[in-house]
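Chemist: Once you've had a glance at the structure underneath, I'll fire off some questions.
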Amino acid sequence: MGEANLLNQTTSVTYIRLRGLSVNQKVQMAVFAMFLTFYVLTLIGNILIVITIIYDCRLHTPMYFFLSNLSFIDVCHSTVTVPKMLTDTWSEEKLISFENCVTQMFFLHLFACTEIFLLTIMAYDRYIAICKPLQYMTVMKWKVCVLLAVALWTGGTIHSTSLTSLTIKLPYCGPDETDSFFCDVPQVIKLACTDTHIIEILIISNSGLISVVCFVVLVVSYAVILVSLRQQISEGRRKALSTCAAYLTVVTLFLGHCIFIYSRPSTSLLEDKVVSVFFTAVTPLLNPIIYTLRNEDMKNALNKFMGRLEGRGKK
């Protein structure tokens, strides 16, 4: 109720027009087909990962506990933006209410920031498992894993709340159109009828700093892991390298977007849309592909689970 009153006091803009990815009807239909395919595969892949990890007792380890969290976040992350974008391909005006725009921004940053923290924790988990294997079960106890999960969700909530609060406190009296296919803080604050220089600095110092610091921590962590792998036997080294390569791929794709968008002043660039497409639709789809195709334990568990489903279907 209080947030609604605040919105009414600070804005006369009730709807925001999203330009989308293209104004060409044929291109929009192609975009619809592509994004719908990506979204359906994202849901199927990530939900299968979560169910398989819950189903297979052999995957009840810290690594797969965090992986199930990642899959859950990817489902939520893509659902925040993709369904609206799919609906807009059939609409000429592509309108979103200001309240829904704010809600979309909140959950977008909640899931994005939570995933950044989760990727950092997963790097720490791999560091302990590879560099200090004898201490792994002592350090990564279930109690610790649960506390880390609570901490990363709490951190994401605090980050998202702070950015959303800064955004809705600005006065909005026009314009009401943004060159994007979803609501994000850098694009929305440009619609404010006041100077947003200070807000942009706060965004860079918040989202940009989190992205850069976590990226540096992740790169250093994996560098230490790779150095440690030189001392291990070939079979163990190959399996660990496969895991690290998968994590580094996810980290580069995901954090690359965050650094590109939030570590500079907000300006409309064609590259922003391309990068945002990977951020909202492609990366959540690549995660299950990367983790299942490069992980023998996950593939075996998934095959076993699918075989059990087929067996029940025949009965």
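Chemist: Quick one: would you say Val102 is assigned to a helix (DSSP H, G or I) and either modelled with pLDDT under 85 or more than 24 Å from Lys190 (Cβ to Cβ) (or both)?
Modeler: Criteria not met by Val102.
Chemist: All but one of (1) touching a helix residue (DSSP H, G or I) at 6+ places or on another chain (Cβ under 7 Å); (2) modelled with pLDDT under 85; (3) open to solvent by 60 Å² or more (accessible area, probe 1.4 Å); (4) farther than 25 Å from Leu18 by Cβ hold for Ile130; which doesn't?
Modeler: That leaves (3) as the condition not met.
Chemist: Of all residues in region 186-206, which are touching a residue at least 12 places away in the same chain (Cβ under 8 Å) and either open to solvent by 50 Å² or more (accessible area, probe 1.4 Å) or farther than 13 Å from Ile16 by Cβ (or both)?
Modeler: Within region 186-206, Pro186, Lys190, Cys193, Thr194, Thr196, Ile199, Glu200, Leu202, Ile203, Ile204, Asn206 meet the criteria.
Chemist: Out of the helices (runs of 4 or more DSSP H) lying entirely within region 135-220, which hold 3 or more residues that are within 22 Å of the chain's Cα centre (by Cα) and either at pLDDT 85 or above or closer than 20 Å to Val102 by Cα (or both)?
Modeler: Ranges flagged: 142-168, 185-189, 197-203.
Chemist: Determine the pairs where a residue that is in contact (Cβ under 8 Å) with a residue 60 or more places away in the chain, located within region 161-174, has a partner that is open to solvent by less than 40 Å² (accessible area, probe 1.4 Å) and part of a loop (DSSP other than H, G, I, E, B) with Cβ atoms under 7 Å apart, the partner being 6 or more residues away or on another chain.
Modeler: Close Cβ pairs (under 7 Å, with a partner that is open to solvent by less than 40 Å² (accessible area, probe 1.4 Å) and part of a loop (DSSP other than H, G, I, E, B)) amount to Leu170/Ala192; Leu170/Thr196; Pro171/Ala192; Tyr172/Val13; Tyr172/Leu191; Tyr172/Ala192; Cys173/Val13; Gly174/Val13.
Chemist: Do we find a residue being part of a helix (DSSP H, G or I), out of contact with any Ser or Thr (no Cβ under 8 Å at 6 or more places or on another chain) and of a type in the set (D, E, K, R) anywhere in region 73-92?
Modeler: yes
Chemist: Here is a list: Leu118, Leu108, Leu43. Which entry is in a helix (DSSP H, G or I), among the hydrophobic types (A, V, I, L, M, F, W, C) and farther than 21 Å from Thr161 by Cα?
Modeler: That would be Leu43, the only listed residue that is in a helix (DSSP H, G or I), among the hydrophobic types (A, V, I, L, M, F, W, C) and farther than 21 Å from Thr161 by Cα.
Chemist: Could we say that Gly2 is modelled with pLDDT under 90, small (Gly, Ala, Ser) and either surrounded by 15 or more Cβ atoms within 10 Å (Cβ to Cβ) or within 15 Å of the chain's Cα centre (by Cα) (or both) here?
Modeler: The answer is no for Gly2.
Here's the yes/no breakdown for (1) open to solvent by 30 Å² or more (accessible area, probe 1.4 Å); (2) modelled with pLDDT of 85 or more:
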| site | (1), (2) |
| --- | --- |
| Val23 | yes, no |
| Lys26 | yes, no |
| Thr37 | yes, yes |
| Leu43 | yes, yes |
| Ile47 | yes, yes |
| Thr52 | no, yes |
| Phe65 | yes, yes |
| Ser78 | no, yes |
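One line per residue, one yes/no per condition, for (1) more than 18 Å from the chain's Cα centre (by Cα); (2) basic (Lys, Arg):
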residue: Tyr39; (1), (2): no, no
residue: Asn46; (1), (2): no, no
residue: Arg58; (1), (2): yes, yes
residue: Tyr64; (1), (2): no, no
residue: Phe72; (1), (2): no, no
residue: Trp90; (1), (2): yes, no
residue: Asn100; (1), (2): yes, no
residue: His109; (1), (2): no, no
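Chemist: Test Gly256 against the criterion of being in a helix (DSSP H, G or I) and at pLDDT below 75, and give yes or no.
Modeler: no
The values are calculated or read from the model by the stated rules, or taken from the named source; none is laboratory data. Here the structure is a predicted model, which is why all the values come from computation and not from measurement. Backbone-built Cβ (ideal geometry, glycine too); neighbour counts: all protein chains shown. What goes into the accessible areas is simple: the full protein's heavy atoms, side chains included, and nothing from ligands, DNA or RNA. Shrake-Rupley method; radii C 1.70, N 1.55, O 1.52, S 1.80 Å.
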